[in-house]
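Shown next, in structure tokens, is the structure this report addresses.
A short reminder: the numbers here are calculations on the coordinates, not readings from a lab. Just so it is clear, the structure is predicted and the values come from calculations on it, not from any experiment. Glycine gets a Cβ as well: all are built from the backbone with ideal geometry, and neighbour counts include every protein chain shown.
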């Protein structure tokens, strides 16, 4: 609770409500110190194995800094590992989704042995696009279909959203650009 901005005093109140007894402030502080050691070890672990496909995004969370709330970008990279499971490669706080923040994030991942990325998938944020080209010049970039669909729906009238959603689903399911029943013309 504390790392996401809930004050230590509030954590004490919540533990009393949940378990019927308070956990002292000193105990909470000690537990936080122990947890941070494990969190930092995980965050800075060497990345082993091949990660040809990397999905990235910036997630905005509201953070409490000494009683003041502000939005904070958390930059996240996820992959599908060799066993077919999703794996979080890294997450880091950045003040915004600008090129400098993304370059720092990607260089941090590279420094932990993220090599061989062939495709980076994201929301087509300009800072991210520039950073991918700077840090992973050998990788191709693809726009995330979820973000693409959100953009389409944002300019679609409410009465047409279901129809447009069905059309997008058909388009994404096609195996080629050729329309079914049509032959390719060469001209």
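Given the peptides 85-95, 129-139, arrange them by the average over their residues of other C-beta atoms within 10 Å, most packed first.
129-139, 85-95
Among 28-35, 14-21, how do they line up from the highest to the lowest mean number of other beta-carbon atoms within 10 Å?
28-35, 14-21
Calculate how steeply helix 25-43 sits against the longest principal axis of the alpha-carbon atoms of the chain, using the helix alpha-carbon long axis, and give the answer as 0 to 90 degrees to the nearest 10.
Taking Cα atoms only, the helix is inclined about 30 degrees.
Find the relative contact order for region 88-187 and round it to a whole percent, using C-alpha pairs within less than 8 Å whose residues are 6+ positions apart.
21
Quick one: Cα centre-to-centre distance for region 151-173 and region 17-34, in angstrom?
Answer, in whole Å: 49.
Measure of size requested: the Rg and Dmax of the chain, with Cα atoms as the atom set and Å as the unit; please supply both.
Cα radius of gyration and Dmax of the chain are 22.1, 80 Å respectively.
Just the number, please: percent antiparallel of the DSSP beta bridges in the chain, rounded to the nearest 5.
Among the beta bridges of the chain, antiparallel pairing accounts for roughly 75 percent.
Angle between the Cα long axis of helix 8-19 and the longest principal axis of the chain, 0 to 90 degrees, nearest 10?
Taking the Cα atoms of the chain, the angle to 8-19 is about 90 degrees.
Could you work out the relative contact order of the chain, using alpha carbon pairs under 8 angstrom and six or more residues apart, expressed as a whole percent?
With pairs under 8 Å counted, the relative contact order is 15 percent.
With the Cα gyration tensor of region 65-104 giving a ≥ b ≥ c as the square roots of its eigenvalues, does the rule (a/c under 1.5 for rounded; else a/b larger than b/c for prolate; else oblate) give rounded, prolate or oblate?
Judged from the Cα gyration tensor, region 65-104 comes out oblate (a/c at least 1.5, b/c at or above a/b).
What ranking do 167, 128 get, fewest neighbouring Cβ atoms within 10 angstrom at the top?
By the 10 Å Cβ count, ascending, the order reads 167, 128.
What is the angle, in °, between the Cα long axis of helix 161-173 and the longest principal axis of the Cα atoms in the chain? Nearest 10 is fine, range 0 to 90.
Approximately 70 degrees, to the nearest ten.
Determine how many Å³ per residue the convex hull of the Cα atoms of region 2-43 encloses.
Roughly 68 Å³ of hull volume per residue.
When a/c reaches 1.5 or more, the comparison of a/b and b/c decides; with that in mind, is region 53-143 rounded, prolate or oblate per its Cα gyration tensor?
The shape class here is prolate.
Note down the nm distance, to one decimal, between modelled labels 7 Å out along Cα→Cβ at residue 169 and at residue 32.
Reported label-point gap for residue 169 and residue 32 is 4.7 nm.
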